[in-house]
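Reading through the structure tokens given below for one structure.
The values are calculated or read from the model by the stated rules, or taken from the named source; none is laboratory data. Source: prediction; values computed, not measured. Cβ atoms come from the backbone with ideal geometry, glycine included; neighbour counts cover every protein chain shown. Just so you know, the surface numbers come from the protein's heavy atoms only, side chains and all, with ligands and any DNA or RNA stripped out. Shrake-Rupley method; radii C 1.70, N 1.55, O 1.52, S 1.80 Å.
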Amino acid sequence: MQQGTLMRKVKSKSWKKQRYFKLQEDCMTIWYQSKRTGKTESAFSISDVETVREGHQSEVLQSLAEEFPPERCFTIVFYGRRGNLDLIASSAEEAQCWVQGLRQLIEPRSFPLTSALVSCTWIRDWFQKADKNKDGRMNFKEVQRLLKMMNVDMNEDHALRLFQAADKSESGTLEGEEFVLFYKALTQREEVLSLFQDFSEDGKKLTLLELVDFLREEQLEVERTEELAMELIDKYEPSETARARHVLSADGFLMYLCSPEGSIFNPQHRALWQDMSQPLCHYFISSSHNTYLIEDQLRGQSSIEGYIRALKRGCRCLEVDCWDGPNGEPMVYHGHTFTSKIPFREVVSTLGKYAFKVGHPSLGAGCRGWPSAGGRGTRQTWLQFGAADPKVPTSPPPTPQELKHKILLKGKKIGRLEDTLDGPGDEVPDVSDDDNGAEAEEERRRAKVGGTQQCPALQKDRESLAQALSDCVVYCKNVSFRGFQEARSHSRPSEISSLAEAKARKLIRDAGNEFVRHNAWQLTRIYPSGMRTDSSNYNPQEMWNVGCQIVALNFQTAGTEMDLCDGLFSQNGRCGYVLKPHFMRDEETLFNPSDPSSREGPGPVTLTIQVISGQQLPKVANSKDGAVIDPLVRVEIHGVPADQAHQETKYIENNGFNPRWDEMLQFQLHVPELALVRFVVEDYDKTSRNDFVGQFTLAFANIKPGYRHIHLLSKDGISIPPSSLFVHIRITE
């Protein structure tokens, strides 16, 4: 990695400034300064970098393609909402040096907490932050400062005892291995050590048989337990001598509990584990709304970043709003608003690069293409699969397995009677659940168009639909929804309807069982109300409760709704498809989410969660220096109305480093197949709203019982190692 490299930082076609970039000695921080003034402008941590893209892979660099070759260009992509950093090196060799160097630095983070390398990096990072005078040693005053930084409000006498015990050289400072000793003493896990000693006869090691007992009795591992015990020792025991004797030390035991095998998320469900040969309508499908927007719906920025981020997050249904642009080139933006525009060709190019990179080789599902009300635009929803293929079967309906590596277009068809009877599209703003207001009246008026009435605008829309686009629609033909009876009598499984959230909510209330039956044989798409101009989201759970497959959310907006979406689709290889429960795939089902007793199958289950402890919880964003959080844990159940619940622990005062709760929470689940469990850590505040610290959400079906760690995520769904919760899970019928 070169240091003090002069490169161009680019923000637009006209804004190109030369800056010196340098990797700091800690190999964790990069700063850059102005060439002209020599003033340091900014710095960022390697831990903030998600990935590095080579070439013209941003709108800005694409606009400069004729001026600078791709070999000299690269983009640094940050986690969360921080903007990307577009750079142009002075040579291709220099660009490669930075690209490869950055990738080597960020790749070890892909295996959080359990890797010794990551642990060392974490310790070194704290040392660098606390070593204020940069002399490579840490005195007690610096240690006290470190404890505040690490969210610890420790008694001074106790801190001094730990410091003196680690100061083997008796120099009054800690350096190198001494700081590692101090850190290990600070992070001693008494609750884990106590559990270890419960199963260890001598209190120093677990023999193979003792480990097998623990796995069977506490972790409820019933298959190939002895083989699993051997694998865990070989994988997580740091001592070669212990490995040779087939025993597990306390350090190895902790490493196992912090590993993927010790996670609350069943590791077998991380991979593709569900049947992918069922009809498309039998799956929940990860779906986004107005994918090109990365801000609000009226004046926000349109960017190919929206597509890249959604696809990398496992999204399989994307939207592309195409409108006439200059010189006949189509542009993508939110029509009739002030959002910025991006060329359609850039969107298609981006989809070609990223559509099938994530999870299962891009299982997909459809697109919609229909003329807008004004006849100037064509909106398309892409349900990921590959290239439009006339050979895709429509009867029986295709399966995700058959549609691998294809892209389906959801749209209208030309030349058939039922297309003539369809309206110009049913996606218009809703203002309320009871359909009051001018916009709702406009929706009703538009729904009538195309029945027995004809109008010039409709004829113009029909004429503007290109035959070539119509021919691409071989599945997911768009039709207006006119009731469940009408659909049952006149619609086909190859057709799809779109409903605004308020309309869907009303159908759930009035005809829950009919809605579930409808979704057992035909696709339904739900989209946000037009009143959500701030890109907020509705609750997707109530839509999943009736089996709606394509529940489109604003991926750019963090919050509980996106946590639920990420939680549901984090399973099954993150392919973006989750098989619906068996009682939601039967066209004659009696299930109604408002009546849990209508569910076929065993009775309710009881979920018991002992919240034991937390480890190295992050500070609240923008908190004051020296502030230490007062953490509490809330567990939320999201599912059918009867299962909706939440409970929380007491708060622990002034300890975000190793808080201990030891509290029991219990929930009864009537329809566990639809339940999502969300763990939330908050900083308690008695005078105002609690502050968010971290969360983790998963489907109940993916929970692994026993003693488990929960590795927390940020508000944007980003891993924040080594922050975690330690819990004990029991599930009983």
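Check 259, 263, 277 and return the single one that is among the small types (Gly, Ala, Ser), open to solvent by 50 Å² or more (accessible area, probe 1.4 Å) and either within 30 Å of residue 492 (Cβ to Cβ) or under 25 Å from the mean Cα position of the chain (by Cα) (or both).
Within the list 259, 263, 277, the selection yields 277.
Mind listing whichever residues of the stretch 237-252 are in a helix (DSSP H, G or I) and in contact with a Ser or Thr (Cβ under 6 Å, 6 or more places away or on another chain)?
Once the filter is applied, which keeps residues that are in a helix (DSSP H, G or I) and in contact with a Ser or Thr (Cβ under 6 Å, 6 or more places away or on another chain), the stretch 237-252 yields only 242.
Do we have any residue at all in the stretch 211-230 that's aromatic (Phe, Trp, Tyr), open to solvent by less than 80 Å² (accessible area, probe 1.4 Å), part of a helix (DSSP H, G or I) and farther than 20 Å from residue 615 by Cβ?
Yes, that holds for at least one residue.
Mind telling me which of the residues 613, 594 ends up being surrounded by 14 or more Cβ atoms within 10 Å (Cβ to Cβ) and touching a Gly at 6+ places or on another chain (Cβ under 6 Å)?
Selected residue: 594, the only one of 613, 594 that is surrounded by 14 or more Cβ atoms within 10 Å (Cβ to Cβ) and touching a Gly at 6+ places or on another chain (Cβ under 6 Å).
Residue by residue, here is whether (1) open to solvent by less than 10 Å² (accessible area, probe 1.4 Å); (2) aliphatic (A, V, I, L, M); (3) in the same structural domain as residue 466 (by the TED database) holds:
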{"residue": "287", "(1), (2), (3)": "yes, no, yes"}
{"residue": "293", "(1), (2), (3)": "yes, yes, yes"}
{"residue": "300", "(1), (2), (3)": "yes, no, yes"}
{"residue": "313", "(1), (2), (3)": "no, no, yes"}
{"residue": "322", "(1), (2), (3)": "no, no, yes"}
{"residue": "328", "(1), (2), (3)": "no, no, yes"}
{"residue": "352", "(1), (2), (3)": "no, no, yes"}
{"residue": "355", "(1), (2), (3)": "yes, yes, yes"}
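Quickly run through the stretch 298-312 and pick out the residues that are among the charged types (D, E, K, R) and within 17 Å of residue 84 (Cα to Cα).
The answer is 305, 309, 312.
Taking only the stretch 542-562 into account, find how many residues are in contact (Cβ under 8 Å) with a residue 60 or more places away in the chain, crowded, with 23+ Cβ neighbours inside 10 Å and assigned to a helix (DSSP H, G or I).
Total satisfying the criteria: 1.
Quick check on residue 682: is it touching a residue at least 12 places away in the same chain (Cβ under 8 Å), closer than 25 Å to residue 623 by Cβ and part of a loop (DSSP other than H, G, I, E, B)?
Taking the combined requirement at face value, the residue does not satisfy it.
Here are the criteria: (1) surrounded by 20 or more Cβ atoms within 10 Å (Cβ to Cβ); (2) within 22 Å of residue 80 (Cβ to Cβ). Tell me which single one residue 714 does not satisfy.
Failed condition: (1).
Criterion first (among the hydroxyl-bearing types (Ser, Thr, Tyr), at pLDDT below 90 and not in a strand (DSSP E or B)) does residue 395 satisfy it? Talk me through it step by step, then tell me what you get.
Numbers: among the hydroxyl-bearing types (Ser, Thr, Tyr): yes; at pLDDT below 90: yes; not in a strand (DSSP E or B): yes.
So residue 395 passes the test.
Mind listing whichever residues of the stretch 51-98 are among the β-branched types (Val, Ile, Thr) and without any contact (Cβ under 8 Å) to a residue 60 or more places away in the chain?
Here is the first cut: in the stretch 51-98, the ones among the β-branched types (Val, Ile, Thr) are 51-52, 60, 75-77, 88.
51, 52, 60, 75, 76, 77, listed by residue number.
Quick check on the stretch 512-558: of everything there that is within 23 Å of the chain's Cα centre (by Cα) and of a type in the set (D, E, K, R), which residue is farthest from residue 498 (Cα to Cα)?
Top of the filtered list is 534.
Tell me which of these residue 172 doesn't satisfy, since it passes every other one: (1) assigned to a loop (DSSP other than H, G, I, E, B); (2) surrounded by 16 or more Cβ atoms within 10 Å (Cβ to Cβ); (3) modelled with pLDDT of 80 or more; (4) not aromatic (Phe, Trp, Tyr).
(2)
Is the stretch 598-621 home to any residue that is assigned to a helix (DSSP H, G or I), of a type outside the set (S, T, N, Q) and more than 25 Å from the chain's Cα centre (by Cα)?
no
How many of the residues in the stretch 566-589 are in contact with a Ser or Thr (Cβ under 6 Å, 6 or more places away or on another chain), open to solvent by 10 Å² or more (accessible area, probe 1.4 Å) and not aromatic (Phe, Trp, Tyr)? Steps first, answer last, please.
Of all residues in the stretch 566-589, those in contact with a Ser or Thr (Cβ under 6 Å, 6 or more places away or on another chain) come to 567, 569, 576, 583.
Pick out the ones that are also open to solvent by 10 Å² or more (accessible area, probe 1.4 Å) and you get 569.
Within this subset, residues satisfying the condition of being not aromatic (Phe, Trp, Tyr) are none.
Selection size over the stretch 566-589: 0.
Quick check, is residue 646 under 30 Å from residue 573 (Cα atoms) and buried (at least 23 other Cβ atoms within 10 Å of the Cβ)?
Criteria not met by residue 646.
Inspect all residues belonging to the stretch 502-514 and state whether any of them is under 22 Å from residue 305 (Cα atoms) and at pLDDT 95 or above.
No, the conditions are met nowhere in the stretch 502-514.
Could you tell me whether residue 636 is in a strand (DSSP E or B) and either buried (at least 19 other Cβ atoms within 10 Å of the Cβ) or in contact with a Cys (Cβ under 8 Å, 6 or more places away or on another chain) (or both)?
yes
For the stretch 183-197, does any single residue satisfy the condition of being charged (D, E, K, R) and open to solvent by less than 20 Å² (accessible area, probe 1.4 Å)?
No, there is no match, as no residue in the stretch 183-197 is charged (D, E, K, R) and open to solvent by less than 20 Å² (accessible area, probe 1.4 Å).
Across the stretch 649-679, what is the total count of residues that are closer than 17 Å to residue 691 by Cα, part of a loop (DSSP other than H, G, I, E, B) and open to solvent by less than 50 Å² (accessible area, probe 1.4 Å)?
Number of matching residues: 5.
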